[in-house]
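Visitor: This is the structure I have questions about; it appears just below.
The values are calculated or read from the model by the stated rules, or taken from the named source; none is laboratory data. This structure is a prediction, so every number in the text was calculated from the model and none was measured. Quick reminder, even Gly has a Cβ in these numbers, built from the backbone with ideal geometry, and neighbours come from all protein chains shown.
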């Protein structure tokens, strides 16, 4: 039930993304990897079961985006999630976002702090270009110190090279 | 603590010279070694030294155990100095100076009086058995290790002319039970204790040159800011709370300035500020990441990491940001420069096939030498004040622990054994107590 509803959102947002996402004029966004990216819910304050559609919309809007190793450029496959977040923020003018930059473990403490900061700022820059006021977006880097997945293989590392979005004021 | 510091000033030149010559020869061999990156390691020649079990006097029942501890500390310290190959000497009754290649004999004696411990040590030339040095110390029972460390440092100084490191400590981060805290332990791994109750992410401690402060980055106020922990009042004080990162702090050799990485002007750049956080001056200006500064021992230069070439590499600039030069060219990820207190070498972390290894390179940029092997990942090098030892973090046991080694990569020893992960070590200056 939940998955189906979430998929419906995904398809809707994919359509939206193709219309409004900045930078999409060059080529079409690849299909969203919906099966590998379940919505993140554990960070959301005030989660209630009375209004699941809103929660799921928020959760979808706050999906992590991933990065290549030692890189901070926004990948094509991140645009769908960023577009969803941008749209959500457009419709929720009181919302703020804390953008966390994270790295995998294959780097040193301080360099990864700088790299995580750069990832968070790349996501911020994308959202500003989308039209979100910079005063609603703040950034913080956790470097390699707060991995999502403790595993030591490429699948874990790729999950850990991410920007994570914490919605506030909603 | 010294109650009778009767150093034997008449050094009996002829006999002592033989010992000193042997050690100098070992030091020369140390300096002349040639190595290629990746493969060769060299053996530093060590002077054989006899250490006799610590004798005890008096009727106090605790004396034998304390004497055993003193002997253990003394032997461990002399071994860890890196100069000596230690062998246990026979008791006086069966000693045969002609039967050993050892250059000298260390004797010690422990006593207990009025709740205080006395430790007397002497150094005897071999094969003459002439006493060439004598020292005595007194302390409370709980400080026996300290006076044994002190005696070891005196022996090292007498035999080699160099200051020992037995009275240094190592600060580090331990992540256990879900949170990180700042810890400190003696240089040999004993006496580990927690300093902070941060309750927030904490990284990259750096010991001040006077030994009083540990600078570190903490998220306690919600963002990564720079604090110093004052060992005198056991409290942390904020030093720099700029927007974005305040990270990778490094004290200038005179302790008056701190180099660090800030992102307040956009991306990560290297800055220098006064130790109280005032007068921040920017040294780098590049859209790439510039971070992890470290000072040359003269205070005139700063090495740092930059990915301006497309991947992290080490660079050196003047302490005012002038005269930039690239230091490393081998490899695709070189980071965490640590300049030897002797000035000649820079240690750093370099990635080989996905894992980091500790490497040293001449400050001129020549002669990179890999010190650790491929077991686990090895990061966070920090030099001992003698410039002969490096502490680092390694995951070779399955979790991150603190290790030390000689600066040629020999004698790699683990100092911590959990709980949790231990990393980001910083070696203290010498303490006189």
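Visitor: Can you find even one residue in the stretch B:276-287 that is in contact with a helix residue (DSSP H, G or I) (Cβ under 8 Å, 6 or more places away or on another chain) and surrounded by 21 or more Cβ atoms within 10 Å (Cβ to Cβ)? It would help to see each step written out before you state the result.
Guide: Our first condition is that a residue be in contact with a helix residue (DSSP H, G or I) (Cβ under 8 Å, 6 or more places away or on another chain); within the stretch B:276-287, this holds for none.
There is no residue in the stretch B:276-287 that is in contact with a helix residue (DSSP H, G or I) (Cβ under 8 Å, 6 or more places away or on another chain) and surrounded by 21 or more Cβ atoms within 10 Å (Cβ to Cβ).
Visitor: While we're on this one: Which residue, of B:298, B:285, is in a loop (DSSP other than H, G, I, E, B), out of contact with any strand residue (DSSP E or B) (no Cβ under 7 Å at 6 or more places or on another chain) and more than 17 Å from residue B:217 (Cα to Cα)?
Guide: Working: B:285 fails: out of contact with any strand residue (DSSP E or B) (no Cβ under 7 Å at 6 or more places or on another chain).
Just one listed residue meets the conditions, B:298.
Visitor: Hey, among B:221, B:250, which residue is modelled with pLDDT of 95 or more, within 14 Å of another protein chain (Cβ to nearest Cβ) and not in a loop (DSSP other than H, G, I, E, B)?
Guide: Values: B:221 fails: not in a loop (DSSP other than H, G, I, E, B).
After applying the criteria, what remains is B:250.
Visitor: Taking the conditions exactly as written (facing chain A (nearest Cβ under 10 Å), closer than 23 Å to residue B:321 by Cβ, modelled with pLDDT of 95 or more and crowded, with 20+ Cβ neighbours inside 10 Å), does residue B:259 satisfy them or not? Spell out how you get there, then give the answer.
Guide: Working: facing chain A (nearest Cβ under 10 Å): no; closer than 23 Å to residue B:321 by Cβ: yes; modelled with pLDDT of 95 or more: yes; crowded, with 20+ Cβ neighbours inside 10 Å: yes.
Taking the combined requirement at face value, the residue does not satisfy it.
Visitor: Could I ask something else about it? Return the residues of the stretch B:168-197 that are in a loop (DSSP other than H, G, I, E, B), away from chain A (no Cβ under 14 Å), over 12 Å from the mean Cα position of the chain (by Cα) and surrounded by fewer than 22 Cβ atoms within 10 Å (Cβ to Cβ); say none if nothing qualifies. Walk me through how you get there before you give the answer.
Guide: Narrowing the stretch B:168-197 to residues in a loop (DSSP other than H, G, I, E, B): B:168, B:177-178, B:187-192, B:195-197.
Retained after the next criterion (residues that are away from chain A (no Cβ under 14 Å)): B:168, B:177, B:187-192, B:195-197.
Then keep just the ones that are over 12 Å from the mean Cα position of the chain (by Cα); that gives B:177, B:190-192, B:195-197.
The answer is B:177, B:190, B:191, B:192, B:195, B:197.
Visitor: Related question: Considering every residue within the stretch A:108-116, establish whether at least one is facing chain B (nearest Cβ under 9 Å), assigned to a helix (DSSP H, G or I) and more than 15 Å from residue A:72 (Cβ to Cβ).
Guide: The answer is yes; a qualifying residue exists.
Visitor: What number of residues in the stretch A:141-162 are within 9 Å of chain B (Cβ to nearest Cβ) and farther than 27 Å from residue B:266 by Cβ? Walk me through it before giving the result.
Guide: We begin by selecting, within the stretch A:141-162, every residue within 9 Å of chain B (Cβ to nearest Cβ); these are A:141-143, A:145-146.
Add one more test, that the residue is farther than 27 Å from residue B:266 by Cβ, and what stays is none.
Residues flagged as within 9 Å of chain B (Cβ to nearest Cβ) and farther than 27 Å from residue B:266 by Cβ within the stretch A:141-162 amount to 0.
Visitor: The conditions are (1) away from every other protein chain (no Cβ under 12 Å); (2) modelled with pLDDT under 95, and residue A:78 fails exactly one of them. Which is it?
Guide: (2)
Visitor: I would also like to ask the following. Examine the stretch B:284-293 for a residue that is touching a residue at least 24 places away in the same chain (Cβ under 8 Å), within 20 Å of the chain's Cα centre (by Cα) and either more than 11 Å from chain A (Cβ to nearest Cβ) or within 24 Å of residue B:402 (Cβ to Cβ) (or both), and state whether such a residue exists.
Guide: yes
Visitor: So which residues in the stretch B:329-344 are away from chain A (no Cβ under 14 Å) and either in contact with a helix residue (DSSP H, G or I) (Cβ under 8 Å, 6 or more places away or on another chain) or crowded, with 20+ Cβ neighbours inside 10 Å (or both)? Can you show your working first?
Guide: Residues of the stretch B:329-344 that are away from chain A (no Cβ under 14 Å), as a first pass: B:329-330, B:339-344.
Answer for the stretch B:329-344, where residues must be away from chain A (no Cβ under 14 Å) and either in contact with a helix residue (DSSP H, G or I) (Cβ under 8 Å, 6 or more places away or on another chain) or crowded, with 20+ Cβ neighbours inside 10 Å (or both): B:339, B:340.
Visitor: Right, another one. Would you confirm whether any residue within the stretch B:198-207 is more than 30 Å from residue B:78 (Cβ to Cβ), touching a helix residue (DSSP H, G or I) at 6+ places or on another chain (Cβ under 8 Å) and within 14 Å of another protein chain (Cβ to nearest Cβ)?
Guide: Quick first cut of the stretch B:198-207, residues more than 30 Å from residue B:78 (Cβ to Cβ) only: B:198-204.
Cutting the leftovers down to touching a helix residue (DSSP H, G or I) at 6+ places or on another chain (Cβ under 8 Å) gives us B:203-204.
Then drop every residue that is not within 14 Å of another protein chain (Cβ to nearest Cβ), which leaves B:203-204.
Yes, the stretch B:198-207 contains a residue that is more than 30 Å from residue B:78 (Cβ to Cβ), touching a helix residue (DSSP H, G or I) at 6+ places or on another chain (Cβ under 8 Å) and within 14 Å of another protein chain (Cβ to nearest Cβ).
Visitor: Something else now. Go through the residues of the stretch B:384-402 one by one and say whether even a single one is at pLDDT 95 or above, within 17 Å of residue B:302 (Cβ to Cβ) and away from every other protein chain (no Cβ under 14 Å).
Guide: no
Visitor: Moving on. Please determine whether any residue of the stretch B:229-242 is more than 23 Å from residue B:186 (Cα to Cα) and either outside the structural domain of residue B:323 (by TED's automatic domain parsing) or part of a loop (DSSP other than H, G, I, E, B) (or both). Reasoning before the result, please.
Guide: Start the filter on the stretch B:229-242 by keeping residues that are more than 23 Å from residue B:186 (Cα to Cα), which leaves B:237-242.
Next cut, either outside the structural domain of residue B:323 (by TED's automatic domain parsing) or part of a loop (DSSP other than H, G, I, E, B) (or both) only: B:241-242.
Yes, the stretch B:229-242 contains at least one residue that is more than 23 Å from residue B:186 (Cα to Cα) and either outside the structural domain of residue B:323 (by TED's automatic domain parsing) or part of a loop (DSSP other than H, G, I, E, B) (or both).
Visitor: Which residues, taken from the stretch B:352-367, are buried (at least 21 other Cβ atoms within 10 Å of the Cβ) and within 14 Å of chain A (Cβ to nearest Cβ)?
Guide: Applying the first criterion (buried (at least 21 other Cβ atoms within 10 Å of the Cβ)) to the stretch B:352-367 yields B:356-361.
Passing the criteria: B:356, B:357, B:358, B:359.
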